[in-house]
Amino acid sequence: MSARRLLKELAWKATAASLKTRNILDWPAWAANLFEIKLPSNTIVNEKTSSSGGANINVILDLMNECKSIPGDIAECGVYRGSTLISMALYVQQIGSEKKVFGFDSFQGFDDHVESDLNLGGQFDQQKRRGGFGNTSRSFVQKRLDILDLNHVELVSGFFEKSLEKFSERQYSFVHLDCDIYESYHTCLNYLYPRLSGGGIMLLDEYDDPPWPGCNLAVDEFLTEHSVDLHPIVRDGHRKFYLRRDAWREVSGPQANPDA
Ligand SMILES: C[S@@+](CC[C@H](N)C(=O)[O-])C[C@H]1O[C@@H](n2cnc3c(N)ncnc32)[C@H](O)[C@@H]1O
């Protein structure tokens, strides 16, 4: 291991030991840079409300808080280097919840499906290419989970088209879709929405985000095919959208048998 890497791991361990018991809302902004995680203390506030840009941790934590009494685990589709997943896992641990947190990602970036998104147009984004978001690895994310004692997290490597099936029996109370492209949104919506508990929430990070029109296409198709409403939420000038599973479906809908 290089000296730089060793120093970084020592800094991670020392900081983890001193911050682990503190509420994530009180973690200092410098810890966000050290661990490469999103924290309320380092959120950039937009002067004008907009849906462009990355995930907003305050939106995520507010919606997770709304779902905390709903049965079912937590999932994120699109982990990349773990900056939202780790914060979500810290929150779950700190509220004393028994929920498991699943992090689904190829950990090698986009596959060829990104080509159809390039054909859809939208704003330029340097990650919108085969292998975009590939500068990560499962072990990079796992290392920080270990240092922070986040043992309730399971990283699931592989493309969603295959990896989601490994947990077909699971139900979820909160799902964060942060996977950018049409095919990925299409797969996750159709596989995971039926596995949401009644009242559970699915947050859609790229809806109305100019570089990623494939998200709108997949979500709008889904809304047309199912009677589901899209809800906006605004925090810090960041507008995001989410779906909530109707509670009545808990007894009468396909939730009892999601594959029906
Ligand atoms: C925008 S990044 C996620 C950002 C992350 N939530 C964060 O906090 O930084 C999108 C991720 O989705 C993953 N992804 C997109 N489509 C995928 C698919 N079909 N299967 C597996 N991973 C996919 C990419 O590998 C990439 O890591």
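Computed over the range 10-118, the P(r) curve from all C-alpha pair distances, binned at 10 Å from the origin, holds 12, 40, 34, 13, 1 percent per bin. Coordinate range of the alpha-carbon atoms in the range 56-130 per principal axis, descending: 44, 21, 20 Å.
For the chain, what number results from the quotient of the Cα radius of gyration and 2.2 N^0.38 Å?
So the chain has a normalised radius of gyration of 0.98.
Neighbour counts of other C-beta atoms within 10 Å: give me LEU6, LEU148 arranged from fewest to most.
LEU6, LEU148
Arranged from highest to lowest average of other beta-carbon atoms within 10 Å per residue, in what order do the peptides 221-233, 25-37, 165-177, 83-95 appear?
Working: 221-233: 13.0, 25-37: 15.8, 165-177: 19.3, 83-95: 22.2.
Most protected by this proxy first, the peptides run 83-95, 165-177, 25-37, 221-233.
Ranking of CYS179, CYS188 by neighbouring Cβ atoms within 10 Å, starting from the fewest: CYS188, CYS179.
Could you give the size of the charge dipole of the range 148-197 about its Cα centre, using +1 on the Cβ of each K and R and -1 on the Cβ of each D and E, expressed in debye and rounded to the nearest 20? Each step should come with its number before you reach the end.
Values: 4 positive and 8 negative charges, 37 e Å.
Approximately 180 debye in magnitude.
The GluC sites (Glu not before Pro) of the range 48-98 meeting both criteria, a DSSP state outside H, G, I, E and B (loop) and at most 13 other C-beta atoms within 10 angstrom of the site's C-beta, are GLU98.
Contour minus end-to-end for ALA11 and GLN126, with contour as 0.36 nm per residue of separation and end-to-end as the Cα-Cα distance?
Details: separation 115, 0.36 × 115 = 41.40 nm, distance 3.10 nm.
That pair, ALA11 and GLN126, stretches by 38.3 nm at full extension.
For the range 112-260, the calculated P(r) over all alpha carbon pairs, in 5 Å bins from 0 to the bin holding the longest distance, is 2, 8, 16, 19, 19, 18, 12, 5, 1, 0 percent.
Which of LYS128/LYS162; LYS20/LYS99; LYS13/LYS240 have a Cα-Cα distance over 29 Å?
Values: LYS128/LYS162 22 Å; LYS20/LYS99 18 Å; LYS13/LYS240 34 Å.
Pairs exceeding 29 Å: LYS13/LYS240.
Farthest toward the positive end of the dipole of the range 47-256, out of HIS113, ALA89, LEU223, is the Cα of ALA89, where the dipole comes from beta carbon charges about the Cα centre. Percent relative contact order of the range 47-256, based on C-alpha pairs within less than 8 angstrom and at least six residues apart? It comes to 27 percent, rounded to a whole number. Here the chain carries DSSP beta bridges of which approximately 35% are antiparallel, counting only pairs with both residues inside. Quick one: helix 138-147 against the long Cα principal axis of the chain, what's the angle to the nearest 10°, folded into 0 to 90? That helix lies at roughly 60 degrees to the long axis. Residue exposure proxy: LEU19, LEU204, LEU150, ordered by other Cβ atoms within 10 angstrom of their Cβ from fewest to most, comes out as LEU19, LEU150, LEU204.
With helices as the sole contributors, the chain gives -10000 deg cm²/dmol at 222 nm; each DSSP H run of n ≥ 4 counts as -39500 (n - 2.57), and the sum is divided by every residue.
Values in this text are rule-based calculations from the coordinates and carry no lab data. Computed from a predicted structure; not experimentally measured. Positions of Cβ are generated from backbone atoms using ideal geometry, with glycine treated the same way; all protein chains shown enter the neighbour counts.
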